[in-house]
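The values are calculated or read from the model by the stated rules, or taken from the named source; none is laboratory data. Since this is a predicted model, take the numbers as computed values, not measurements. Here the Cβ is made from the backbone with ideal geometry for all residues, glycine too, and neighbour counts use every protein chain on show.
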Amino acid sequence: MSIEIIPSIVSPNFSDLQKKIKLLAGQVEWVEIDVADGVFATNQTFQEPALLNELDDQTKISVHLMVEIPETVIEEWLPVADRLVVHLESTENLADILAKYQKNHQEIVVALNLETPVEKIAPFVKEIKTVQLMSIKRLGFQGEDFCPEVLEKIKAVKTNWPNLKVVVDGGVNLTNAKELTQAGADALVIGSAIWVNKEPLVVLKELQKIA
């Protein structure tokens, strides 16, 4: 089974973000930029969507909105993102967001926090193609501990909705990537396991081999 590796980038500024995306050019199809507002996620990261226009188009951009009330910023990010990840827990208007943006713009991926039961996506499964399962407890930071309870959540999604793509995000590394693949994950979002290494592309290639 082939599984996609998506490097995630948690950057305080555009300079750091741009440097990492340039390094990944030609190595992966997608990268994921974590956007944390200091409210929904306690960290604060890069939040200037217009600057993404300065990037080349070699790599597709997924923007992970870890923000409270994402509907207030979605339209700022849509022009510069190839897809958006929105947390079910961050809004009371998820159905409206999906109805407004999913069919006419980029894909909207629904993310679930670790403690949120997968059954919560049931009302939305006809409107989405992908669910992103968080496998860490604290959002907006890299280097957090992997929580193995996500393995059962992957299996539950695949049992109930076998056609739904499952992305796992948080604490993924060379040690647990294979287990996540075997549980049914279709893609792995990986941050610190890549970036803490002095040779991030070497680790990336090792992860791609495991997958």
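Just a few scattered comments:
- Residue match in segment 49-63 (condition: surrounded by 13 or more Cβ atoms within 10 Å (Cβ to Cβ) and touching a residue at least 60 places away in the same chain (Cβ under 8 Å)): no
- Entry remark, segment 32-48: residues being crowded, with 20+ Cβ neighbours inside 10 Å and more than 17 Å from A111 (Cα to Cα) number 2 in total.
- Matching residues, segment 128-144, being crowded, with 16+ Cβ neighbours inside 10 Å and either closer than 16 Å to V109 by Cβ or out of contact with any helix residue (DSSP H, G or I) (no Cβ under 7 Å at 6 or more places or on another chain) (or both): I128, T130, V131, Q132, L133, M134, S135, I136, L139, G140, F141, E144
- Taking first residues from segment 86-115 that are closer than 19 Å to E149 by Cα and partners that are among the acidic types (D, E), the Cβ contacts under 6 Å between residues at least 6 apart in sequence or on separate chains come to N113/E89.
- Considering residues of segment 145-160 that are under 28 Å from Y101 (Cβ atoms) and basic (K, R) only, the residue surrounded by the most Cβ atoms within 10 Å (Cβ to Cβ): K153
Matching residues to (1) at pLDDT 95 or above; (2) out of contact with any Gly (no Cβ under 7 Å at 6 or more places or on another chain):
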position	(1), (2)
I5	yes, yes
P12	no, yes
T42	no, no
L51	yes, yes
H64	yes, yes
L88	yes, yes
